[in-house]
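S.K.: Got a structure here, written out as structure tokens. Questions coming.
The values are calculated or read from the model by the stated rules, or taken from the named source; none is laboratory data. Computed from a predicted model, the values in this text were never measured in an experiment. Here the Cβ positions follow ideal geometry from the backbone for every residue, glycine too, while neighbour counts run over all protein chains shown. The protein model used for the area step is the full one, side chains on, heavy atoms only, and it has no ligands, DNA or RNA in it. Shrake-Rupley method; radii C 1.70, N 1.55, O 1.52, S 1.80 Å.
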Amino acid sequence: MVFSWISRAVIIALALHSLVTLSISSVVYIRKAAMPPCYCGTSTVEALALNCKYDSLATSWLPPHCRDDELTRLFEHAGPGPNGEWLYHAFNTSGSRLYTLEEMAYLADKPDPERQAWSTIDWHNAHCFYTLVKQMRGKAKMEYTGFPDATAHGEHCAVAMTKGIPGNKIVIGMSPGFGDPRPGELRMME
């Protein structure tokens, strides 16, 4: 009698586990299928032809369905520079040449070692905050950020924001790109 009760409990537990796993997998699949790719080609010429625009919040060229232009405008005026602009450095030193937003956009055309730009911890914290708001608005597809999903990006932001690094320290490297990563390009950031 005890054996049959335990057998039923195990079968029910396995069935529930399978149902939950299948449900979660279905939701993930549907969400991924619901948002078209954020692909913008491999050059600025191709990106413009695909109706993409450089998004400074994402540091990437993105099509309209992957952008939140209103939120990006707010982000672009939340920095310490003139008119709230963010400062983008050519090197990780404060005396280095500064890039304009237009120059940042066209860095994407350069080969990897040459498309690097730098900014401050304050920039990174604002980027994290505005990207989380973008996720809540349903406009962020996290693959183009270098993270496989929103949870990984949120965890990265939480850890980075609690390290106690001075906000004006220039330690954040970024490489402007073209939306979704090409195969093999997806990388986790530390």
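S.K.: For residues that are out of contact with any Gly (no Cβ under 7 Å at 6 or more places or on another chain) and more than 23 Å from ILE165 (Cα to Cα), tally how many sit in region 98-123.
M.R.: 16
S.K.: Please identify the pairs in which a residue from region 72-88 that is free of Cβ contacts under 8 Å to residues at least 12 places away in the same chain has its Cβ atom under 8 Å from the Cβ atom of a residue that is polar (S, T, N, Q), counting only partners at least 6 apart or on another chain.
M.R.: Cβ pairs passing all conditions: HIS77/ASN83.
S.K.: Out of all the residues in region 34-47, which are surrounded by 14 or more Cβ atoms within 10 Å (Cβ to Cβ) and outside any loop (DSSP other than H, G, I, E, B)?
M.R.: THR44, GLU46, ALA47
S.K.: Here is a further query. Which of the numbered conditions does GLU76 fail, given that it passes all the others? Conditions: (1) at pLDDT below 95; (2) within 20 Å of LYS169 (Cα to Cα).
M.R.: In the conditions (1) at pLDDT below 95; (2) within 20 Å of LYS169 (Cα to Cα), GLU76 misses (1) alone.
S.K.: Sort out for me the strands (runs of 3 or more DSSP E) sitting completely within region 48-167 that have 1 or more residues that are open to solvent by less than 40 Å² (accessible area, probe 1.4 Å) and of a type in the set (D, E, K, R).
M.R.: Counting at least 1 such residues, we get 53-55.
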